[in-house]
Amino acid sequence: MRSLSLAVAAITVASLAGCGVLPEGPPPLPPTFVPVVEVSARPDGLVTSTDGFTNVQRISMRVRGNTCTQFINGSAWVLNENTLITNRHVIEGAQNLEVTSYDGRDYTVTSSVLSTVVDLAMMTVDAEFTEFAVISADGPEIGDQLSIVGYPNGDRLETNTGRYYASVPDTLDNSPDFVYAIAAASRPGSSGSPVANQLGEIVGVLYAGDEGENSYAVKLSSLTVFLEDTSTHKPNPFVCN
């Protein structure tokens, strides 16, 4: 679609150039002029702001750090003024954790806790965010389109959209909970990404993908328990043997 638009624009410019004398341009704008940019709706229903990014994209963060043996990268999202959510397997046993926003701002993680039940973790950072997640009151229905917003391979922010097609057992994490199966590709580094419905509300947290075009996310019900029941939290110490 974008290539087609550029091609049409090029043809239009060429035809104008063949018209001979160009009409006189408009007068210069006054120095006090402030442009007004209308908020637009994306085809997937998510509302964008004046900078062209959705709320879910603006609250998505890239995670970096290291364990005793390797560097790690993943994704996370802003829960409130100074708290982020990611996966347990992303940050367990890690130190020197930092998160980076979509527009390149870096924040240092000061503490973190892990879930004892599902693949979730919570990080506290040295920041006061002014924009954070809107968590849905209800989980998705089979057939709903869901968006996964994160940083695959620790690279640029990316949004993938796919259909939620099944609730399946969590065979990777040995959790008693079921997880969402979504027909959308994901890659290493995407773990911890927010999963949003078409209203931009968070309904889950990506934690795994297969070699095909399928991703798996911790369900809203599991996320709610983690957020509300601190007895499911445990410290995340950094220990090297």
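Here, each number is a calculation from the coordinates, and none is a lab measurement. What you see is a predicted model, and the numbers here were worked out from it, not measured in a lab. Glycine gets a Cβ as well: all are built from the backbone with ideal geometry, and neighbour counts include every protein chain shown.
Suppose the chain between Phe178 and Asp51 were pulled fully straight at 0.36 nm per residue; how much longer would it get relative to their current alpha carbon spacing?
Values: separation 127, 0.36 × 127 = 45.72 nm, distance 3.68 nm.
Residue separation times 0.36 nm, minus the Cα-Cα distance, leaves 42.0 nm.
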Rounded, prolate or oblate (a/c below 1.5 giving rounded, otherwise prolate when a/b exceeds b/c) for region 176-240 by Cα gyration tensor: oblate
Long-range HN-HN contacts of Val134 with modeled amide H, under 5 Å: Ile202
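Round to the nearest 0.05 the FRET efficiency obtained for Asn96 and Val168 when R0 = 45 Å and r is the Cβ-Cβ distance.
Values: r = 35 Å, r/R0 = 0.78.
Working from the Cβ atoms, E equals 0.80.
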Residue among Asn80, Thr100, Ser115 farthest towards the positive dipole end of region 76-172, charges placed on Cβ: Ser115
Potential lengthening between Val239 and Ser221 on full extension [0.36 nm per residue; Cα-Cα distance subtracted]: 3.3 nm
Cα gyration tensor shape for region 56-138, rounded if a/c is under 1.5, else prolate or oblate: oblate
